Amino acid sequence: MRIRAAVLEEFGAPLAVQEVELAEPKAGEVLVRLVACGVCHTDLYTASGADPSGYAPTVLGHEGAGVVERVGDGVASVSPGDHVVTLFSPQCRECVHCRSTRTNLCLAIREQQGQGYLPDGTTRLSRNGEPIRHFMGTSTFAEYTVLPEIALARVSREAPLDGAALFACGLSTGLGAAMKTAAVEPGSTCVVFGAGLVGLGAVAGCRLKGAERIISVDLSEERLELARGQGATETLAGGPDAVERVLERTDGLGADYTFEATGNVAVMRQAVESARMGWGLCTIAGVAGKGETLDIVPRYLITGRRVAGSSFGGVKGRDEVPRLVDRWLAGEIAVEPLLSHRLTLDEVNRGFELMEAQDGIRSVIRFD
Ligand SMILES: NC(=O)c1ccc[n+]([C@@H]2O[C@H](COP(=O)([O-])OP(=O)(O)OC[C@H]3O[C@@H](n4cnc5c(N)ncnc54)[C@H](O)[C@@H]3O)[C@@H](O)[C@H]2O)c1
Ligand SMILES: [Zn+2]
Ligand SMILES: [Zn+2]
């Protein structure tokens, strides 16, 4: 079929919205009609050429939500009409990592996905007979996409799909960082650096786990206000003295749990140093620039602090994204304040501009 999609033709150039060919789903694959898709930093990171593993041409987009249109042979977990959220972090339920409760990093299709292919090593996207590679296994800046069945979470039909799209990446990452990776204990003191979608999700996750104090740290007063709306009990202006300020508010000891959601390695270090001696756990969710390293004085670790990394919040997508969406529907997570702009596919580059200007938390493309 012919579909409209936003193609990355050349690094550093705007995406070109155009018609491309999409082939039928093969065995184990699903054709999804996108209804909504968030515009995320990772799309821009690849589009800009900064990502060393990036390639072109490709159809970007990975925060998708839509409706199953057709399924390939052997697909049993979703059927036409189901509402789904796309998973750049799939869950095969069979590999050694999927069978462990300790990680969500499914090994089943990692290599092919990273190179822009579906699990059989080919693409369903093409133009004039030339293959176009997929992106993050999702390619959701498009009216339709084909994905492996293991990369789809079936969610409640009650959930508006523009809000559901946020659970495809940033929101689940933040929620999961607090609820899964850190597994915050009730009554804890938490500090969250960064109040973008990931940091705001972490604030909400700390609240859902019963944290007593949640200190949100950001440079933007507007975003700190949003953090209060997600459950932050205190806010703090970010900057070079952030660690000192946190220690002042925590009897000089630091917080039980700290979270980093900025992607800035200097802030990651602050998050480590704001964690409490003895048992403080620092969870890093931000993605640093190419070649950057995190500087930690080893004494911080010897004295009982721990550091954990969190990809997609440690969330096992097919099992757990539907449950997070249910908690939204139950009124426990406020998604509407995070949906800042609604755009058309033709306005995708505007989505990048809004993100660079930090205008709003998430712009979402609507396909209807
Ligand atoms: N681990 C994952 O699976 C995963 C998934 C999605 C995004 N990410 C990463 O998470 C990070 C956050 O994503 P986002 O969408 O929320 O980004 P965002 O840019 O919307 O938010 C980052 C926030 O950090 C704040 N900030 C910048 N410098 C600061 C400082 N010195 N102190 C305190 N706050 C500061 C900014 O004001 C901004 O509000 C990015 O690095 C992104 O790439 C990781
Ligand atoms: Zn993303
Ligand atoms: Zn797996």
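The values are calculated or read from the model by the stated rules, or taken from the named source; none is laboratory data. For clarity, every value in this text was computed on a predicted model and none was experimentally measured. When we count neighbours, we look across all protein chains shown, and the Cβ atoms used for this are built from the backbone with ideal geometry, even at glycine.
For E332, the criteria (1) crowded, with 17+ Cβ neighbours inside 10 Å; (2) touching a residue at least 60 places away in the same chain (Cβ under 8 Å); (3) out of contact with any Cys (no Cβ under 6 Å at 6 or more places or on another chain); (4) not hydroxyl-bearing (S, T, Y) hold in every case but one, which is (1).
Among residues of region 166-185 that are within 10 Å of ligand 1 (Cβ to nearest atom) and at pLDDT below 95, none has a beta-carbon under 6 Å from a residue that is in a helix (DSSP H, G or I) and acidic (D, E) at least six positions away or on a different chain. Among the residues making up region 130-145, a single one is assigned to a strand (DSSP E or B), surrounded by 24 or more Cβ atoms within 10 Å (Cβ to Cβ) and not small (G, A, S): T145. Taken over region 146-168, the criterion of being surrounded by fewer than 24 Cβ atoms within 10 Å (Cβ to Cβ), assigned to a helix (DSSP H, G or I), more than 16 Å from ligand 3 (Cβ to nearest atom) and not aliphatic (A, V, I, L, M) is satisfied by D162, G163.
Each residue in region 87-103 was checked for being surrounded by fewer than 12 Cβ atoms within 10 Å (Cβ to Cβ) and among the basic types (K, R), and 2 pass.
Q113 meets each of the listed conditions (1) of a type outside the set (D, E, K, R); (2) within 16 Å of ligand 1 (Cβ to nearest atom); (3) closer than 28 Å to A182 by Cβ; (4) assigned to a loop (DSSP other than H, G, I, E, B) apart from (4).
A quick yes/no check of all residues on (1) over 30 Å from G291 (Cα atoms); (2) touching a residue at least 12 places away in the same chain (Cβ under 8 Å); (3) out of contact with any helix residue (DSSP H, G or I) (no Cβ under 9 Å at 6 or more places or on another chain):
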| residue | (1), (2), (3) |
| --- | --- |
| L22 | yes, yes, yes |
| V32 | yes, yes, yes |
| V35 | yes, yes, no |
| H41 | no, yes, no |
| A47 | no, yes, no |
| G64 | no, yes, no |
| S77 | yes, yes, no |
| D82 | yes, yes, yes |
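Conditions (1) outside any strand (DSSP E or B); (2) aromatic (F, W, Y); (3) within 14 Å of ligand 1 (Cβ to nearest atom), marked per residue:
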residue	(1), (2), (3)
A36	no, no, no
T42	yes, no, yes
A47	yes, no, yes
R70	no, no, no
A76	yes, no, no
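Within region 238-276, restricting attention to residues that are closer than 30 Å to T46 by Cα and away from ligand 1 (no atom under 11 Å from the Cβ), the residue that is surrounded by the most Cβ atoms within 10 Å (Cβ to Cβ) is T258.
When you go through G64, G81 one by one, which is the residue that is assigned to a strand (DSSP E or B) and among the small types (G, A, S)? Walk me through it before giving the result.
Values: G81 fails: assigned to a strand (DSSP E or B).
That would be G64, the only listed residue that is assigned to a strand (DSSP E or B) and among the small types (G, A, S).
Among the residues of region 277-318, write down those that are crowded, with 19+ Cβ neighbours inside 10 Å, among the aliphatic types (A, V, I, L, M) and part of a strand (DSSP E or B). L281, I284, V307 - these are the residues of region 277-318 that are crowded, with 19+ Cβ neighbours inside 10 Å, among the aliphatic types (A, V, I, L, M) and part of a strand (DSSP E or B).
Mind telling me which of the residues L226, L219, L208, L200 ends up being within 15 Å of G313 (Cα to Cα) and within 16 Å of ligand 1 (Cβ to nearest atom)? Working first, answer last.
Working: L226 fails: within 15 Å of G313 (Cα to Cα); L219 fails: within 15 Å of G313 (Cα to Cα); L208 fails: within 16 Å of ligand 1 (Cβ to nearest atom).
Of the residues listed, the single one that is within 15 Å of G313 (Cα to Cα) and within 16 Å of ligand 1 (Cβ to nearest atom) is L200.
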